[in-house]
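Report on the structure given below.
Derivation of every value follows stated rules applied to the coordinates shown; laboratory data play no part. Predicted, not measured: the structure shown is a model, and the values here were computed from it. Every residue, glycine as well, gets a Cβ built from its backbone with ideal geometry; the counts of neighbours run over all protein chains shown.
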Amino acid sequence: MDEHLIINLPVANTKYPLRVKRDDEAIFRNAAKEINYKLSRYKEHFTGTSDSPLQDTDYMAMTAIQAVAEKEEQKERADMFEEKINQFVTELDDYLRKR
């Protein structure tokens, strides 16, 4: 059985066909839901000016920026935790060697 399938994800009133691993389908569907939620929140709170109203591409860009910023923040946290864990492992190794 093919481990991939094609799903249609609705984002910003457009359906996007994607080929994904079967095991990842829920992840992609949840991502599409989160994108649509963030798009709707941006549309509620930011309209631009009367001379230059915001377009769907603007809202998509705002959502993409937020998603990437959140990913970078998580990466920084993971790096910090990894550094702390390595520090604790080194301290534990030193302690065990002394015993």
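Descriptive notes on the structure:
- The set of residues in the range 65-91 that are more than 30 Å from Lys38 (Cβ to Cβ) and acidic (Asp, Glu) comprises Glu83, Glu91.
- Positions within the range 1-12 being touching a residue at least 12 places away in the same chain (Cβ under 8 Å) and within 21 Å of Asp56 (Cβ to Cβ), in sequence order: Leu9, Pro10, Val11, Ala12
- Residue in the range 75-89 that is touching a residue at least 24 places away in the same chain (Cβ under 8 Å), outside any strand (DSSP E or B) and not polar (S, T, N, Q) present: no
- Across the range 18-55, the qualifying residues are those that are in a strand (DSSP E or B) and within 19 Å of the chain's Cα centre (by Cα), and the one among them that is surrounded by the fewest Cβ atoms within 10 Å (Cβ to Cβ) is Arg19.
- Unique match (being part of a helix (DSSP H, G or I) and closer than 20 Å to Glu34 by Cβ) among Asp58, Asp94: Asp58
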